[in-house]
1. Restricting the first residue to region 185-196 and requiring it to be outside the structural domain of R152 (by TED's automatic domain parsing), which pairs with a second residue that is open to solvent by less than 30 Å² (accessible area, probe 1.4 Å) meet a Cβ separation below 8 Å and a spacing of at least six or different chains?
2. Tell me yes or no: at least one residue of region 123-145 is outside any helix (DSSP H, G or I), under 21 Å from the mean Cα position of the chain (by Cα) and surrounded by fewer than 17 Cβ atoms within 10 Å (Cβ to Cβ).
3. Does at least one position in region 280-292 carry a residue that is open to solvent by 10 Å² or more (accessible area, probe 1.4 Å) and of a type in the set (S, T, N, Q)?
4. Any residue that is aliphatic (A, V, I, L, M), closer than 19 Å to W427 by Cβ and within 16 Å of the ligand (Cβ to nearest atom) - is there at least one of those in region 206-219?
5. Name the residues in region 146-175 that are touching a strand residue (DSSP E or B) at 6+ places or on another chain (Cβ under 7 Å) and either outside the structural domain of Y299 (by TED's automatic domain parsing) or not in a helix (DSSP H, G or I) (or both), would you?
6. Taking N175 as the residue in question, decide whether it is farther than 29 Å from W161 by Cα and touching a residue at least 12 places away in the same chain (Cβ under 8 Å).
7. Inspect region 301-323 for any residue being open to solvent by less than 10 Å² (accessible area, probe 1.4 Å) and in a loop (DSSP other than H, G, I, E, B) and give the result as yes or no.
8. Considering only residues that are on the phi > 0 side of the Ramachandran plot and of a type in the set (G, A, S), which ones fall in region 405-464?
Amino acid sequence: MSNDLPDPVLETAHNHAKDYLDGLATRHVGSQHGRDELFAKLHSPLAAHGEDPSAVIDLLASQAEVGMTSCSSPRYFGFVIGGTQPVALAADWLVSTWDQNAGIHAISPFSAVVEEVAVEWMLDLFDLPRESSVGFVTGGQMANFTCLAAARHNVLRRVGWDVELDGLAGAPRVNIVVSAGAHVTIDVALRYLGFGTRSLQIVDADDQGRMRAESLRDLMTTLDGPTIICAQAGNVNSGSFDPLREIAVIAHEADAWLHVDGAFGLWARASMSLSELADGIELADSWSTDAHKWLNVPYDSGVAIVKHSADHRAAMRSSASYLIQTQGAERDSIDWVPELSRRARAIPIYATLRALGRDGVEKLINRGCARARQMADLLGAEKGVQILNDVVLNQALVRFGDDDETTRAVVSGVQDEGTCWASGTIWNGQAAMRVSVTNWATSEEDISQSATAILRVYQSLQTR
Ligand SMILES: *Cc1c(COP(=O)(O)O)cnc(C)c1O
């Protein structure tokens with residue numbers, strides 16, 4: 001390798017990145033090649049001798065071009081994905097460049113202090129108890145895991161059982177209460193923690209996917225002993241919020257731990273006009289959210305927030321004689337997350353919050369919601385098209401011709417057509433198209449163009 005700076009392969013990558021970003025607003029949103037075509041281009045036996053690095057990057061870029069769904073396109077409405085703010089991408093490039101192991105302060109004082117500041121800003125933005133501790137994890141899945149590990153530690157500690165030392169075998173039974181509308185990652189997190197799916201107590205949900213507080217109250221009269229309740233801010237389909245204040249009161253009366261999965265819904269707290277949806281959320285014991293969703297930083301970036309830092313630390317902490325751990329105010333990230341070695345993923349969060357400010361985050365959240373309503377209004381005005389949910393946030397559920405087959409055909413037709421991309425779901429037993437607007441760059445024009453394309457697909461199915 002030469003000592004020239006910059007290395008030509010970095011220049012190659014920079015050019016591909018620029019081309020991709022330049023074309024993002026106009027490119028076909030869905031992927032165009034499937035597994036077999038991609039495999040044919042990308043597969044070769046592992047070479048005995050290496051290849052030119054720039055040629056490798058060129059090859060990857062050529063296949064990315066045809067094999068990717070552009071999740072950061074302003075007309076990508078699938079799942080709850082979100083785009084990337086330019087400042088977040090810029091910071092993320094540097095995260096990879098600096099290649100810090102953000103596990104302990106001794107390795108990277110810079111990353112540790114960036115985290116410390118980002119923690120303060122996020123607690124302030126979400127208006128959560130300022131004494132809370134925060135871990136930067138890969139995503140909502142691991143944020144739920146981390147918070148629920150702290151919960152498990154806390155409720156068992158309070159009945160005299162140290163789950164970290166003694167495990168779950170022989171431990172007092174822990175009641176785990178979840179909503180029928182909970183995200184699948186709650187079940188998975190609980191599974192990782194030794195609480196099998198069949199052991200969960202399920203509370204029914206209403207037609208918007210909100211946990212029914214009355215049902216929770218009834219259930220709680222039948223339970224005693226250590227209890228963890230999992231509530232939700234932002235249903236992955238409808239965007240609805242559980243009645244958090246009522247749930248918090250019930251949890252407090254029962255001395256239960258209340259966890260709230262707010263993967264995207266917690267961001268409503270950053271908006272004056274929306275924060276009412278999450279009223280009472282501050283009364284919970286732990287919260288999980290994603291920065292890679294609505295803050296629009298690149299993957300992977302989830303956030304675990306725990307009010308009781310001693311329980312959080314007890315559940316996550318690792319120590320070994322070769323690690324240099326801090327005693328003072330310095331932050332060792334490994335105390336708050338499941339990982340040991342870790343990329344410095346708080347840096348893009350810091351950069352984005354600093355560049356947007358409180359006002360910029362609020363606008364980002366409000367804009368997504370306004371665009372989702374615009375989409376719902378445009379589609380819902382068409383004969384035969386129904387909006388199935390109350391569009392309270394950034395999610396709309398759309399049904400075509402009041403028919404499962406037609407709705408599924410519209411979803412796949414839209415994916416093939418390429419103007420925009422949306423996925424399907426089953427909502428209250430009926431097929432629906434999900435539209436999630438989670439990208440800073442989505443304009444009114446993007447929505448009207450997309451609505452037109454969606455309706456064109458629907459109409460073409462009717463005339464066939
Ligand atoms: C997306 C989502 C998750 C999972 O988050 P990942 O970052 O994909 O792990 C959990 N809960 C809800 C409500 C979500 O929307």
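1. Close Cβ pairs satisfying both conditions: none exist.
2. Yes, the conditions are met somewhere in region 123-145.
3. Restricting attention to region 280-292, the residues satisfying the condition of being open to solvent by 10 Å² or more (accessible area, probe 1.4 Å) are 282-283, 285, 292.
Checking the rest, the ones that are also of a type in the set (S, T, N, Q) come to none.
No: region 280-292 contains no residue that is open to solvent by 10 Å² or more (accessible area, probe 1.4 Å) and of a type in the set (S, T, N, Q).
4. Going residue by residue through region 206-219, those that are aliphatic (A, V, I, L, M) are 211, 213, 216, 219.
Pick out the ones that are also closer than 19 Å to W427 by Cβ and you get 211.
Okay, now just the ones that are also within 16 Å of the ligand (Cβ to nearest atom), so 211.
Scanning region 206-219 turns up at least one residue that is aliphatic (A, V, I, L, M), closer than 19 Å to W427 by Cβ and within 16 Å of the ligand (Cβ to nearest atom).
5. Scanning region 146-175 gives V174, N175.
6. On the way: farther than 29 Å from W161 by Cα: no; touching a residue at least 12 places away in the same chain (Cβ under 8 Å): yes.
No: the conditions fail for N175.
7. Yes, region 301-323 contains at least one residue that is open to solvent by less than 10 Å² (accessible area, probe 1.4 Å) and in a loop (DSSP other than H, G, I, E, B).
8. Initially, region 405-464 is screened for residues on the phi > 0 side of the Ramachandran plot, giving 418, 428-429.
Matches in region 405-464: G418, G429.
The values are calculated or read from the model by the stated rules, or taken from the named source; none is laboratory data. Computed from a predicted structure; not experimentally measured. Quick reminder, even Gly has a Cβ in these numbers, built from the backbone with ideal geometry, and neighbours come from all protein chains shown. With ligands, DNA and RNA removed, areas are computed over all heavy atoms of the protein, side chains included. Shrake-Rupley method; radii C 1.70, N 1.55, O 1.52, S 1.80 Å.
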